[in-house]
1. Given the Cα-Cα distance of residue 86 and residue 47 and 0.36 nm per residue of separation, how much length would full extension add, in nm?
2. For q values of 0.16 Å⁻¹, compute log₁₀ I(q)/I(0) with the Debye formula on a Cα-only model of the chain, without solvent.
3. If one takes the longest principal axis of the Cα atoms in the chain, at what angle in degrees, from 0 to 90 and to the nearest 10, does the Cα axis of helix 77-93 lie?
4. Using the 2.2 N^0.38 Å rule of thumb for compact globular proteins, work out how the range 22-66 stacks up: its C-alpha Rg over that value, please.
5. Roughly what would the spin-label model give for residue 73 and residue 95, points 7 Å off Cα along C-beta, in nm?
């Protein structure tokens, strides 16, 4: 994995067998090969999980890191709608249901 991906403050996806969720890395234990993460929740709260295996961490999809998505609706509404649907489908395929619902 990229060193930048596994660093405090990185926005990542934690992938487990039944689902995936976006999270922020709060602590990295390189010796143990684990990270502690915080999952953003509705209402501005956070849920913490410690000791997540580093191999369960993935980078976010490119479109999640691109801030220009919102501007697309003003430029070409129908293309932006199609893109949003495709992005939601991609998130659903990686089992990040919360992120897919946001699309």
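Quick note: the coordinates plus some simple rules give every number you see, no bench work behind them. What you see is a predicted model, and the numbers here were worked out from it, not measured in a lab. When we count neighbours, we look across all protein chains shown, and the Cβ atoms used for this are built from the backbone with ideal geometry, even at glycine.
1. Net length gain for the segment: 11.2 nm.
2. Debye curve over Cα of the chain, log10 I(q)/I(0) at q = 0.16 Å⁻¹: -0.73.
3. That helix lies at roughly 30 degrees to the long axis.
4. Here the Cα radius of gyration is 1.25 times the empirical estimate.
5. For residue 73 paired with residue 95, the spin-label model returns 3.0 nm.
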